[in-house]
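What follows is a single structure, written as structure tokens, with notes after it.
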Amino acid sequence: MRRIAKLVTMLGAIMAGSSAVAVAAEQIVVRGCARSTPPFCTLIGSGSGTYALISDAPIPTDVGIAVTGTKAGDLGVCFATPLKVVKWTRTGQPCPK
């Protein structure tokens, strides 16, 4: 019985620690021109790499934007680092056609 209680306590501590890590995710800011890529990816490049934007709301493409988000994994189906968008704003930066 004591072993089970210890195991439950240890699992609870592990779960509490992993949720604290998820809350403390580092925010990343990327500025550039978002591009739509078939079949369903919206990508934006920066000096540190290319990010696949994940958002519930549509993100404009072919205009300059600044995106704030959190990294959502290492490599996604769009062959770029997934970035869960927290907010975005237009920057007025011209984008090449």
> Out of all the residues in the range 11-41, which are at pLDDT 50 or above and surrounded by fewer than 10 Cβ atoms within 10 Å (Cβ to Cβ)?
Replying inline: 23, 24, 26, 38, 39, 40
> In the range 56-74, which residue that is touching a Ser or Thr at 6+ places or on another chain (Cβ under 7 Å) and assigned to a loop (DSSP other than H, G, I, E, B) is nearest to residue 28 (Cα to Cα)?
Replying inline: 74
> Within the range 63-81, which residues are of a type outside the set (Gly, Ala, Ser) and at pLDDT 95 or above?
Replying inline: 65, 67, 68, 70
> Is there a residue being free of Cβ contacts under 8 Å to residues at least 12 places away in the same chain, small (Gly, Ala, Ser) and in a loop (DSSP other than H, G, I, E, B) anywhere in the range 75-96?
Replying inline: no
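The values are calculated or read from the model by the stated rules, or taken from the named source; none is laboratory data. Computed from a prediction, not measured in an experiment: that's the story for all the values here. Glycine also receives a Cβ, built like all others from the backbone with ideal geometry; neighbour counts cover every protein chain displayed.
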